[in-house]
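The values are calculated or read from the model by the stated rules, or taken from the named source; none is laboratory data. From a predicted model like this one, the values you see are computed outputs, not experimental measurements. We place every Cβ from the backbone using ideal geometry, glycine too, and count neighbours over all the protein chains shown. For accessibility, only protein heavy atoms count, side chains too; no ligands or nucleic acids. Shrake-Rupley method; radii C 1.70, N 1.55, O 1.52, S 1.80 Å.
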Amino acid sequence: MINRRRPRYIALKIESEGIFDRKTFLNKVWDSLTRLYGEYGASKAGLVLVNYTPKKGFAILRCNHKALLMVRAATATITSIDEEHVAVHVLAVSGTLKALRRKISEHGRLKCGGTI
Amino acid sequence: MSRKFVDLNLRLSLRDLNKTRKMLEKAYELGYSLVASSLSPNVNKEDVDIIQKLCSDIGIDFVTRVDLTPKTRKDLLGYLRRLRRKFEIICVRCVSKVIARQAAKDRRVDLLVFPSLDPRKRFFDFQEAELASSALASLEIPIAPFILSSGSPRVRLLSYLRRETMVAVKFNVPVVISSGASEVWLMRKPRELAILATLFDLDFPIALDGVSKIPISIVERNRKKLSPNFIAPGIQLIKRGKNCS
């Protein structure tokens, strides 16, 4: 049987007064995921940080399609990074990066302006 | 037609209107079209008007809500008699079994909340659900305590919420998911709230109804009842004046 990997790309808006580097943000997402689902559950997510723009507070995560709800729940439970209050909101979800970018620009949901 | 989303438990401050405005703007940005905030039972009409004005400027509908924490059954009945026609939503924080049972069977109560983390003080069991299902009360689950907790308190809270939602679904008691946010950084999109509700084994469509259809139906039902044209359930005044033939 072919083991097809169907990725899901998640565009995120990070709202905080602080600015965090790529590693800190990704560690926080992993931390949140492992706290909610354990190491076994988190290992199924196939989480990758595809794009991160700290100044715009924008990120794109990739995960397995079966782990989409897990990753969305994990990002929703993030409340602080480096002792700064944070809220992470999902802007759009898609199966390809191209469609994700189109979705964001169509709906004008990326308020920070410019392209991703 | 796209869904309308509701946050029935936004903790707005009447003292800090700047913060209140920010929270309402954020609620609008996150996709909510209707929000409710708990007000003091003795709130002035002017204070309510200020929030309503803020909401209408932003383009969001505001619902008045009161959270009651009575100590005795008599207190609860007194509050309900006094406040039912003043507020659109009445929520009872069940801190004792007597209060929980009375609130579940009283048709004037809209929402039941169990705030305690002590397992002996969470009274939403089969009997409570049976009473609530024959009345009009819904079970409210605020998400903020879950987001803010960690470690063993979070595990315990998840376990209680899983049991309570299972009981509610079994007895057809509507479940309302709300943010319970007192700060902007605690506010989440409606779909995120629904996804968090799936952590306590609520199906995603039911959880999504808990932030849209169910709270909307509660608000519509109560607004109808509070309207001057309401006479009795099923009887409504549709026209007044001399030419009513």
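Counting only protein heavy atoms and using a 1.4 Å probe, the accessible area of A:HIS89 comes to about 10 Å².
Annotation: extensible slack from B:LEU148 through B:LYS105 equals 12.3 nm (criterion: 0.36 nm per residue apart, minus Cα-Cα distance).
For B:LYS239, the lysines whose Cα falls under 18 Å of its own Cα, not counting residues fewer than eight places away in the same chain, are B:LYS224, B:LYS225. When you work out D = kT/(6 pi eta Rh) for chain B at 4 °C and 1.567 mPa s, using the Kirkwood radius from C-alpha pairs as Rh and the Stokes-Einstein form, the result is 70 µm²/s. Across peptide A:66-75, the average count of Cβ atoms from other chains found within 10 Å of a residue's Cβ is 3.
Near A:PHE58, the amide H atoms lying under 5 Å from its own belong to A:ILE14, A:THR53; only residues 5 or more places off or on other chains count, and H is placed 1.01 Å from N.
Using a Förster radius of 22 Å, what is the FRET efficiency between B:SER13 and A:GLU84 based on their Cβ-Cβ separation? Nearest 0.05, please. In this case the efficiency is close to 0.50. Can you give me the C-alpha center-to-center distance between the range B:169-245 and the range B:1-49, rounded to a whole angstrom? Result: 15 Å between the Cα centres.
Taking 7 Å steps out from each Cα toward its Cβ at A:ALA99 and B:LYS97 produces label points 5.4 nm apart. Could you tell me the distance between the Cα centroids of the range A:1-54 and the range B:74-142, to the nearest Å? Spelled out, the Cα-based centre of one part sits 39 Å from the other.
Compared with the direct C-alpha span, the chain from B:SER133 to B:LYS213 gains 27.1 nm at full extension, assuming 0.36 nm per residue.
State which entries of A:LYS13/A:LYS98; B:LYS71/B:LYS170; B:LYS53/B:LYS86; A:LYS28/A:LYS103; A:LYS13/B:LYS22 exceed 20 angstrom in Cα-Cα distance in the structure shown. Going by Cα-Cα distance, B:LYS71/B:LYS170; A:LYS28/A:LYS103 fall outside the 20 Å limit. For the range B:1-134, taking Cα atoms only, Rg and Dmax work out to 16.3, 45 Å respectively. Largest to smallest in accessible area, the residues B:LYS213, B:LYS189 fall in the order B:LYS213, B:LYS189 (1.4 Å probe, all protein chains included). Between chain A and chain B, the total buried accessible area stands at approximately 1600 Å², from heavy atoms with a 1.4 Å probe. Quick one: grab the alpha carbon gyration tensor of the range A:1-104, order the square roots of its eigenvalues as a ≥ b ≥ c, and give me rounded if a/c is under 1.5, else prolate or oblate depending on whether a/b is larger than b/c. Oblate, since a/c reaches 1.5 and b/c is not below a/b. Over the residues of the protein assembly as shown, the helix contribution to mean residue ellipticity at 222 nm works out to -13000 deg cm²/dmol, using -39500 (n - 2.57) for each DSSP H run of at least 4. Placing pseudo-labels 7 Å out from each Cα toward the beta carbon at B:SER2 and B:ARG82 gives an inter-label distance of 4.3 nm. Rolling a 1.4 Å probe over the protein heavy atoms of the range B:177-228, with every protein chain left in place, gives an accessible area that is 57 percent carbon and sulfur.
The figure for A:MET70 is an accessible area of roughly 30 square angstrom, using a 1.4 Å probe on the protein chains alone.
For the range B:78-157, the list of chymotrypsin sites (Phe, Trp or Tyr not before Pro) that fall in a loop by DSSP and count at most 15 other C-beta atoms within 10 angstrom is empty. Here the peptides B:100-107, A:14-21, B:234-241 are ranked by packing, the mean other Cβ count within 10 Å, and the order with the highest first is B:100-107, A:14-21, B:234-241. Under the simplified labelling scheme, the B:LYS121-B:LEU157 pair shows an inter-label distance of 1.5 nm, with each label point 7 Å from Cα along Cα→Cβ.
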